[in-house]
1. Could you check how many residues of the range 33-92 are aliphatic (A, V, I, L, M) and closer than 17 Å to A147 by Cα?
2. Which residues, counting only those in the range 119-139, are at negative phi and assigned to a loop (DSSP other than H, G, I, E, B)?
3. Condition first: surrounded by 12 or more Cβ atoms within 10 Å (Cβ to Cβ), of a type outside the set (S, T, N, Q) and in a loop (DSSP other than H, G, I, E, B). Can you find one or more residues in the range 140-152 that meet it?
4. Given the structure, is S32 among the hydroxyl-bearing types (S, T, Y), out of contact with any His (no Cβ under 6 Å at 6 or more places or on another chain), modelled with pLDDT under 95 and not in a strand (DSSP E or B)?
5. Please identify the pairs in which a residue from the range 35-53 that is closer than 12 Å to S93 by Cα has its Cβ atom under 8 Å from the Cβ atom of a residue that is open to solvent by 60 Å² or more (accessible area, probe 1.4 Å), counting only partners at least 6 apart or on another chain.
6. Out of everything in the range 63-78 that is assigned to a strand (DSSP E or B) and in contact with a Gly (Cβ under 8 Å, 6 or more places away or on another chain), what residue ends up being surrounded by the most Cβ atoms within 10 Å (Cβ to Cβ)?
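The values are calculated or read from the model by the stated rules, or taken from the named source; none is laboratory data. Please read these numbers as outputs of a predicted model, since none were measured by experiment. Cβ placement follows ideal geometry from the backbone for every residue including glycine, while neighbour counts extend to all protein chains displayed. The protein model used for the area step is the full one, side chains on, heavy atoms only, and it has no ligands, DNA or RNA in it. Shrake-Rupley method; radii C 1.70, N 1.55, O 1.52, S 1.80 Å.
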Amino acid sequence: MKNITKVIIAAAAVLGSANSSFAQATATASASAVIITPIAISKTVDMNFGNIAVAAATGGTVVLDNTGSRTTGGAGGVTLPSSTGTVAAAEFSVSGQASFTYAITLPSSATLSDGSGNSMSVGSFTSSPSSTGTLSSGGTQTLTVGATLTVAASQASGTYTNSTGVPVTVNYN
């Protein structure tokens, strides 16, 4: 009986130590993160449709493309005088992480007013690049924005501005 007890105790000791040495294994993984340069946008040139003449009976539109060129449209009551005034597409500098892409969000509309109760609407905004831009290897890109100005017949003369600005938003894709 003593021998059987010794064998059982020895077997339990061997099995107990076998379970503890083969029952678990450990591995490790490293953790890391990369903080990228925040995306930023700053205005370098304001949008300006320049000098515009309008007929008394018919309005129209002025289309300012994103290169700064303008044309007339609509009902044909708008002309662009040879003395153009300042004409410019809006221009922005976008900066951030080199070679990253970003999305561009343009406003749907804006209003220009003369401070005397007269206003004109701006819409159909376009940009270059259009909906997505790619930052250069130096982490920058120029973004230009154009739009269409709607001019009413007999629009009152004066300087029309936008007090709230024309917001252009960029964010990483």
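1. Total meeting the criteria: 12.
2. Answer for the range 119-139, where residues must be at negative phi and assigned to a loop (DSSP other than H, G, I, E, B): P129, S130, S131, L135, S136, S137, G138.
3. Yes, that holds for at least one residue.
4. Taking the combined requirement at face value, the residue does not satisfy it.
5. I39/F100; I39/N171; I41/T169; K43/E91; T44/E91; T44/T142; V45/E91
6. Applying the filter and picking the extreme gives L64.
For every residue, the table says whether it meets (1) at pLDDT 95 or above; (2) surrounded by 15 or more Cβ atoms within 10 Å (Cβ to Cβ); (3) more than 24 Å from the chain's Cα centre (by Cα).
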{"position": "A55", "(1), (2), (3)": "no, yes, yes"}
{"position": "L80", "(1), (2), (3)": "yes, yes, yes"}
{"position": "F92", "(1), (2), (3)": "yes, yes, no"}
{"position": "P107", "(1), (2), (3)": "yes, yes, no"}
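Conditions (1) charged (D, E, K, R); (2) farther than 23 Å from A53 by Cα; (3) free of Cβ contacts under 8 Å to residues at least 40 places away in the same chain; (4) in contact with a Ser or Thr (Cβ under 7 Å, 6 or more places away or on another chain), marked per residue:
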| site | (1), (2), (3), (4) |
| --- | --- |
| F100 | no, yes, no, no |
| P107 | no, yes, no, no |
| S113 | no, no, no, yes |
| S116 | no, no, no, no |
| M120 | no, no, no, yes |
| A152 | no, no, no, no |
| N162 | no, no, no, yes |
| N171 | no, yes, no, no |
